[in-house]
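Below: one structure, written as structure tokens.
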Amino acid sequence: MPAHAAEPVAEERLANPLTAPVEGLDEALAAVEAFDRVLVTGLLRPPPARVADLAEFARAVAGSPLAGRTAEAVEKAAAGAAGEDHLVALAAARTALLGAAHSALTARADESTGRTRGTATAAAPEQREAVNLLLAARSWLADLARTGWRGIEHELVGSAAQIVSAMLPDPALRRLATLLDGFAAELAASCPGAGQDRVPARRWGDLWARALLLTLPGAAESSPTVLVTGRLLPLGVDLHEHATAAQAQVHAVFEPADGGAPRLVRASVSVPKPDTVVAAGVWQLLRPHLALLTALGEGRSMHLADMPLTEEGDLIWDQERARAGEPADAFATARVALPTAAASPTAPLDRHPARLAEPVFLEGYAARRDGDSPLTFDFPGHSLAVDTDRVPAAGPLTPEAVAASGACIGLLRWDDGAFHVQPLAVETTVRKKAVVLQAGAWAGGTTDKTGARAEKTATDAVTVLRERAGRLLRT
């Protein structure tokens, strides 16, 4: 069960909110799917079936402040005459529907854990981006929507490269530039669109809508920050690894030095990586940029002094403002500090069901796996699916260890119509001994044979690449 696990009512509190239907959720997601079908075929000449999808989409926001703008945009789109402003309105409505779904699911997660959550405040933009580049990006995204995913060709997709190159030197535009660059790369790998058996309509719809809204001046403004001082107690790390990049996001409880209420925070680091660096070798790339990873691997707290913290709970990490503290057991933190830690709000553009990742503590369950079905934690009166596919290879935590566990720190997520948990650490028994296995146990280095071998391989690969890069720079 999640936080407050020691209380007798915790299992009941978890069961009802996470298993009961969320009113309006299916309808909101169905409307988004209808609009995504329109993007597959394109808005240049939508056939009758796609016009019906547009009408369904408009009905979904009929009672909202976006109703008028969306209805006008849908009318123009159905006639094949949607301008860029109309497409922005459609992207805003789609984002609002997914944001409403995120809010409803987050409320259910908070109800299950008894967690309180702060509210976001709107901040006025402090700077203006290069409007001509934003307009160029918007024009490209509009051309994509008119063409549709089935109609994309290399020439259209490749035209984003010049826009991205012009944006990257400007820090205020880098967020949008990075998104456009990755989006264009995905589209290029799928060209020509007419030859694709399946189109990732939801993903490309997400990327398209987010990028289009980021072309609005001020939309990419950084979240306001405050300086915080106190003790940081790591819970676990969520590791994302791709062929050319890796990201580690540490979830933790922050206890202010002034005695204020503890709160859930995150600290993240992302690095480029060669595709030859895999498994535990990834920590070698991440470790120098985030001392918190070493503290997590060693089972220690950290003391922060005037560390910037955003309203959404993200620490803007500065190595000079942090120092290693005393030993801190993650499960002690989960049992004692997590139940009283408040959560942070989510920025409007970041509200999406896929972004839900709430730290929870579970115990008192029986792990069950039926045939090829996913692992499940059974509690009295309900069950919770376990996503062991998210357990990284860069640590000692394995699906088998999760299945044999008696307690778990994880992230509560929502996908495919249901809540599930992503394990970050478990208490289990190995050779009749009680042990704790963390997904990030090797983050600070390891003597484990498998981990040490991967570290050495990574060292060799990085050394070779640096030597090659040095030779190129000297020629």
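Read-outs: derived from the displayed coordinates by stated rules, not from any lab. Values in this document were obtained by computation on a predicted structure and should not be read as measured data. No Cβ is skipped: glycine too gets one built from the backbone with ideal geometry, and neighbour counts run over all protein chains shown.
Using the reciprocal of the averaged 1/r over all distinct C-alpha pairs, how large is the Kirkwood radius of the stretch 225-340 in Å? Computed over Cα pairs of the stretch 225-340, the Kirkwood hydrodynamic radius comes out at 14.5 Å. Neighbour counts of C-beta atoms inside 10 Å place Lys433, Lys273, Lys76, Lys456 in the sequence Lys433, Lys456, Lys76, Lys273, starting with the fewest. Annotation: the stretch 154-237 has a Kirkwood hydrodynamic radius of 15.4 angstrom, from the mean reciprocal C-alpha pair distance. A straight Cα-to-Cα reach below 16 Å connects Lys456 with the lysines Lys273, residues fewer than 8 places away in its own chain not being considered.
Let me have the relative contact order for the chain, percent, based on Cα pairs under 8 Å that are six or more residues apart.
On the way: 904 pairs, mean separation 76.7, N = 475.
Value for the chain: 16 percent.
Taking the Cα atoms only, what angle lies between the long axis of helix 131-147 and the longest principal axis of the chain, rounded to 10 degrees? That works out to roughly 80 degrees. Once the C-beta distance of Glu298 and Thr276 is scaled by a Förster radius of 25 Å, the resulting FRET efficiency is 0.35 to the nearest 0.05. Helical runs (DSSP H, four residues minimum) scored at -39500 (n - 2.57) apiece and divided by the length of the chain put the mean residue ellipticity at 222 nm at -13000 deg cm²/dmol. Mind pulling the angle between the C-alpha long axis of helix 10-19 and the longest principal axis of the chain? Nearest 10 degrees, somewhere in 0 to 90. The angle comes out at about 20 degrees.
Considering only the chain, what is the antiparallel percent among its DSSP beta bridges, to the nearest 5?
Details: 61 of 67 bridges.
Of all bridge pairs located within the chain, approximately 90 percent are antiparallel.
Rounded to the nearest 5, what % of DSSP beta bridges with both residues in the stretch 225-340 are antiparallel? Antiparallel bridges make up about 95 percent of those DSSP assigns within the stretch 225-340.
How do Leu212, Leu227, Leu309 rank when sorted from fewest to most other Cβ atoms within 10 Å of their own Cβ?
Values: Leu212 26, Leu227 12, Leu309 21.
Starting with the residue having the fewest Cβ neighbours, the order is Leu227, Leu309, Leu212.
Count neighbours as other Cβ atoms within 10 Å of each site's Cβ, and list the trypsin sites (Lys or Arg not before Pro) in the stretch 285-349 that are DSSP loop with at most 13 such neighbours. Could you put the intermediate results ahead of the total?
Numbers: sites: Arg300, Arg321, Arg323, Arg335; in loops: none.
Answer by residue number: there is no such site.
Taking the beta-carbon count within 10 Å as an exposure proxy, list Asp110, Asp85 from fewest neighbours to most. Before the final figure, lay out the partial values.
Numbers: Asp110 16, Asp85 13.
With the fewest neighbours first, Asp110, Asp85 line up as Asp85, Asp110.
Computed on the Cα trace of the chain, the radius of gyration divided by the Kirkwood hydrodynamic radius gives Rg/Rh = 0.98.
Taking the stretch 313-366, how much of its Cα-Cα pair set, in percent, is spaced more than 18 angstrom apart? Could you put the intermediate results ahead of the total?
Working: 828 of 1431 pairs.
The answer is 58 percent, as a whole percent.
Relative to the longest principal axis of the C-alpha atoms of the chain, give the angle of the C-alpha long axis of helix 449-474, reported between 0 and 90° and rounded to the nearest 10°. Taking the Cα atoms of the chain, the angle to 449-474 is about 50 degrees. A dipole drawn for the chain from +1 and -1 charges on Cβ atoms has a positive end, and of Thr19, Leu90, Gln422 the residue lying farthest that way is Gln422.
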